[in-house]
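The structure under discussion appears below in the form of structure tokens.
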Amino acid sequence: MAKQYTRVIHWFRRDLRLTDNTALLAACRASEEVVPAYIVSHWTKKHPWTGPKRQLFLCQCLESLSKNINHLKGALVIREGDALEELTKLVNETKAEAVFFNQDVDPFGKKIETQLAEHLDIPVHPYLDSSLHGPGEVLKGDGTPYRVYTPYSKRWLPLPKTSPGGKPKALSNSLTINSLPLPTLKHWQFDGDSSDCLEGGEKAARARMREALSFRISAYDSLRDVPSAIGTSRLSQDLRWGTISIRELYQNARSCGSPQFLKELAWREFYFQILHHFPEVLHHEFNPDWRGLPWFAPNEKFEAFKKGETGFPIVDAGVRELLTTGFMHNRVRMIVAMFLTKDLHLDWRLGEQFFMQHLVDGEIASNNGGWQWSAGTGADAAPYFRIQNPWSQTKRFDPKGNYIRTWVPELINVPDKSLQAPPEDGLPIARGYPSPILDHAKERQVTLTLFKKHRAEQS
């Protein structure tokens, strides 16, 4: 195939790898030279929707990417600031004839893509990379988007999937281009300890993927809901930052004998398409019937929640796992989210932001979808009275308390039964551990009343 361009820019975003990178491979096929670039966000202070663990992971991903590009005789160009302005400058500096990039999934990234296409006087080439199917590919018979997961997944699962591609053989170019140093946590005024966090970068991500494919995904159906077992893939952060390819993962996972894992990949893309077709979900309830719910004002109980000091062991374990590692087991995410929305009666947006501050994956679509599902306001066919009991969830999914004791060491010597029901005497079940801050049975009734009253007022 003849080269169409002499020099182009590949703009790295959430695709921080060389293997099976759709836009990057297209750029290499289309041009004699490819300038790889990354634009560091221009906000330089603590941000309410991110935190040190996710930014540290990003720094590690960029360091890994830079080294891998160096191996191909190229150099990653780092710029800082507004993406549109910096890419415009880089186009002028390099005399690039086109810009290649992989599409983002959130409205903020999509807005930049539109502006870039309108502003630059050279071609821009966007590609689908972070999902197996674009939001316009999986639609109902009448051409409208799905609002419920099950029919979406039944349409998604049998669709043919694109096979993974290869890896560039070279990324060298004839120019010497000014570049900023790779960012560190100091750029965002964060301090951070990486000792309990997963390592970022394509090499580490591929090692995790091999491990997951070796045994975890084959046992996924039986172990995925057991928080004490490493029974999930643990690849969410790698998919979020694009250090592994969704096509490669899907292709290999198909042979592992886990239909449920493939369904989880469909869940991921279901939330992508919800965010695409209904971007208002970032600010409002997906189900309009529940807009204007009278959520309670945050108080000292919310502060206890954020510290993992509610007196509900499985809730506290989940929050402490999150604060320590930047990760929380998926089953526990649901338990924790329902506790905040249906026991504390707090706005799901408070929980959504809290998770985004601490999660390394920080997938905006999945986080929003999960919180709204748990709150009873999202894309869920079930009624609002789906309310998980933290005590019975513990009995079912952590009966020996192995997960709880890992993250709440105060409970190391507490009998298993004491972790599965509130203390009858109302006293703490262990020295240094708080009594439950609420009565779940009572708060369940409060939630039912709150939703019923709101529905009646809207009718």
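The values are calculated or read from the model by the stated rules, or taken from the named source; none is laboratory data. Quick caveat: nothing in here was measured; it's all calculated off a predicted structure. Because the Cβ atoms are built from the backbone with ideal geometry, glycine has one as well, and the counts that use them run over all protein chains shown.
Would you say Ala365 is surrounded by fewer than 24 Cβ atoms within 10 Å (Cβ to Cβ), small (Gly, Ala, Ser) and out of contact with any Phe, Trp or Tyr (no Cβ under 6 Å at 6 or more places or on another chain)?
Details: surrounded by fewer than 24 Cβ atoms within 10 Å (Cβ to Cβ): yes; small (Gly, Ala, Ser): yes; out of contact with any Phe, Trp or Tyr (no Cβ under 6 Å at 6 or more places or on another chain): no.
No, not satisfied.
So which of Glu269, Glu264, Glu285 is in contact (Cβ under 8 Å) with a residue 60 or more places away in the chain, among the acidic types (Asp, Glu) and farther than 30 Å from Thr449 by Cβ?
Glu269
Hey, among Asp82, Asp106, Asp15, which residue is under 15 Å from Thr243 (Cα atoms) and charged (D, E, K, R)? Explain how you work it out, then say what you get.
On the way: Asp82 fails: under 15 Å from Thr243 (Cα atoms); Asp106 fails: under 15 Å from Thr243 (Cα atoms).
The unique qualifying residue is Asp15.
Mind listing just one residue for me: the one in the range 380-413 that is among the hydrophobic types (A, V, I, L, M, F, W, C) and surrounded by 20 or more Cβ atoms within 10 Å (Cβ to Cβ) and, of those, farthest from Leu275 (Cα to Cα)?
Step one: list which residues in the range 380-413 are among the hydrophobic types (A, V, I, L, M, F, W, C), which gives 381-382, 385, 387, 391, 397, 404, 407-408, 411-412.
So of that shortlist, the ones also surrounded by 20 or more Cβ atoms within 10 Å (Cβ to Cβ) come out as 404, 407-408, 411.
Values: Ile404: 34, Trp407: 33, Val408: 35, Leu411: 40 Å.
Taking the candidates together, the pick is Leu411.
Of everything in the range 162-183, what is closer than 17 Å to Asn21 by Cα and either in contact with a helix residue (DSSP H, G or I) (Cβ under 6 Å, 6 or more places away or on another chain) or not in a loop (DSSP other than H, G, I, E, B) (or both)? Give them in sequence order.
Thr162, Pro164, Gly165, Pro168, Leu171
Yes/no matrix, rows are residues, columns are (1) of a type outside the set (A, V, I, L, M, F, W, C); (2) touching a Ser or Thr at 6+ places or on another chain (Cβ under 9 Å); (3) assigned by TED's automatic domain parsing to the domain that holds Arg240:
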| residue | (1), (2), (3) |
| --- | --- |
| Gly318 | yes, no, no |
| His345 | yes, yes, no |
| Arg349 | yes, no, no |
| Ala365 | no, no, no |
| Gly376 | yes, yes, no |
| Lys400 | yes, yes, no |
| Glu410 | yes, no, no |
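Every residue in the range 363-409 that is basic (Lys, Arg) and at pLDDT below 95, please. Don't jump to the end; show me each part of the working.
Step one: list which residues in the range 363-409 are basic (Lys, Arg), which gives 386, 395-396, 400, 405.
Correct list: Arg386 only.
Taking the range 222-252, which residues are without any contact (Cβ under 8 Å) to a residue 60 or more places away in the chain and closer than 30 Å to Gly401 by Cα?
Narrowing the range 222-252 to residues without any contact (Cβ under 8 Å) to a residue 60 or more places away in the chain: 222-223, 229-231, 233, 235, 238, 249, 252.
Listed by number, the residues that qualify are Ser222, Leu223, Ala229, Ile230, Gly231, Ser233, Leu235, Asp238.
Only one of (1) within 21 Å of the chain's Cα centre (by Cα); (2) modelled with pLDDT under 95; (3) outside any helix (DSSP H, G or I) is not met by Arg17, so which one is it?
(2)
Going residue by residue through the range 96-103, is there one that turns out to be in a loop (DSSP other than H, G, I, E, B) and either polar (S, T, N, Q) or at pLDDT below 95 (or both)?
First pass over the range 96-103, keeping only residues in a loop (DSSP other than H, G, I, E, B): 96-98, 103.
From what is left, the residues that are either polar (S, T, N, Q) or at pLDDT below 95 (or both) are 103.
Yes, because at least one residue in the range 96-103 is in a loop (DSSP other than H, G, I, E, B) and either polar (S, T, N, Q) or at pLDDT below 95 (or both).
Considering only the range 9-37, state which residues are in contact with a Pro (Cβ under 9 Å, 6 or more places away or on another chain) and either within 24 Å of Leu90 (Cα to Cα) or outside the structural domain of Thr94 (by TED's automatic domain parsing) (or both). Explain how you work it out, then say what you get.
The first filter runs over the range 9-37 and keeps only residues in contact with a Pro (Cβ under 9 Å, 6 or more places away or on another chain), leaving 9-12, 18-21, 23-25, 27-28, 34.
Listed by number, the residues that qualify are Ile9, His10, Trp11, Phe12, Leu18, Asn21, Ala23, Leu24, Leu25, Ala27, Cys28, Val34.
Out of all the residues in the range 226-247, which are surrounded by fewer than 18 Cβ atoms within 10 Å (Cβ to Cβ) and either acidic (Asp, Glu) or within 18 Å of Gly362 (Cβ to Cβ) (or both)?
Passing the criteria: only Arg234.
Given the residues Leu132, Leu185, which is the only one that is among the aliphatic types (A, V, I, L, M) and modelled with pLDDT under 95? Walk me through how you get there before you give the answer.
Working: Leu132 fails: modelled with pLDDT under 95.
On inspection, the qualifying residue turns out to be Leu185.
Got at least one residue in the range 443-451 being outside any helix (DSSP H, G or I), of a type outside the set (Val, Ile, Thr) and within 31 Å of the chain's Cα centre (by Cα)? Give the derivation first.
First, the residues of the range 443-451 that are outside any helix (DSSP H, G or I): none.
Within the range 443-451 (the criterion being outside any helix (DSSP H, G or I), of a type outside the set (Val, Ile, Thr) and within 31 Å of the chain's Cα centre (by Cα)), the answer is no, since none of the residues qualifies.
Failed condition for Ser153, given (1) exposed (fewer than 12 other Cβ atoms within 10 Å of the Cβ); (2) of a type in the set (S, T, N, Q); (3) in the same structural domain as Ser233 (by TED's automatic domain parsing), with all others met?
Among (1) exposed (fewer than 12 other Cβ atoms within 10 Å of the Cβ); (2) of a type in the set (S, T, N, Q); (3) in the same structural domain as Ser233 (by TED's automatic domain parsing), the lone unmet condition for Ser153 is (1).
Give the range 436-459 a look and list any residue that's at pLDDT 95 or above, loosely packed, with under 14 Cβ neighbours inside 10 Å and of a type in the set (S, T, N, Q), or say none.
Gln445, Thr449
Please tell me if Thr144 is in contact with a His (Cβ under 9 Å, 6 or more places away or on another chain) and surrounded by fewer than 16 Cβ atoms within 10 Å (Cβ to Cβ). Steps first, please.
Numbers: in contact with a His (Cβ under 9 Å, 6 or more places away or on another chain): yes; surrounded by fewer than 16 Cβ atoms within 10 Å (Cβ to Cβ): yes.
So Thr144 passes the test.
If you take the residues of the range 1-45 that are in contact (Cβ under 8 Å) with a residue 60 or more places away in the chain and of a type in the set (Lys, Arg), which of them is surrounded by the most Cβ atoms within 10 Å (Cβ to Cβ)?
It comes out as Arg17.
Of the residues Leu175, Leu185, Leu180, Leu198, which single one is within 22 Å of the chain's Cα centre (by Cα) and surrounded by fewer than 17 Cβ atoms within 10 Å (Cβ to Cβ)? Can you show your working first?
Details: Leu175 fails: within 22 Å of the chain's Cα centre (by Cα); Leu180 fails: within 22 Å of the chain's Cα centre (by Cα); Leu198 fails: surrounded by fewer than 17 Cβ atoms within 10 Å (Cβ to Cβ).
Answer to the selection: Leu185.
If I go through the range 118-135 residue by residue, how many of them are in a loop (DSSP other than H, G, I, E, B) and more than 22 Å from the chain's Cα centre (by Cα)? If you could, list the steps in order and put the result at the bottom.
Going residue by residue through the range 118-135, those that are in a loop (DSSP other than H, G, I, E, B) are 120-123, 128-135.
Pick out the ones that are also more than 22 Å from the chain's Cα centre (by Cα) and you get 120-123.
Qualifying residue count, the range 118-135: 4.
Residues checked against (1) surrounded by fewer than 15 Cβ atoms within 10 Å (Cβ to Cβ); (2) within 21 Å of Leu438 (Cβ to Cβ); (3) outside the structural domain of Glu363 (by TED's automatic domain parsing):
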residue	(1), (2), (3)
Cys256	no, no, yes
Lys263	no, no, yes
Phe270	no, no, yes
Leu293	no, yes, no
Ala297	yes, yes, no
Ile314	no, yes, no
Glu321	no, no, no
Thr324	no, no, no
Phe327	no, no, no
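Without any contact (Cβ under 8 Å) to a residue 40 or more places away in the chain and closer than 23 Å to Tyr5 by Cβ: is that true of Thr114 in this structure? Steps first, answer last, please.
On the way: without any contact (Cβ under 8 Å) to a residue 40 or more places away in the chain: yes; closer than 23 Å to Tyr5 by Cβ: yes.
So Thr114 passes the test.
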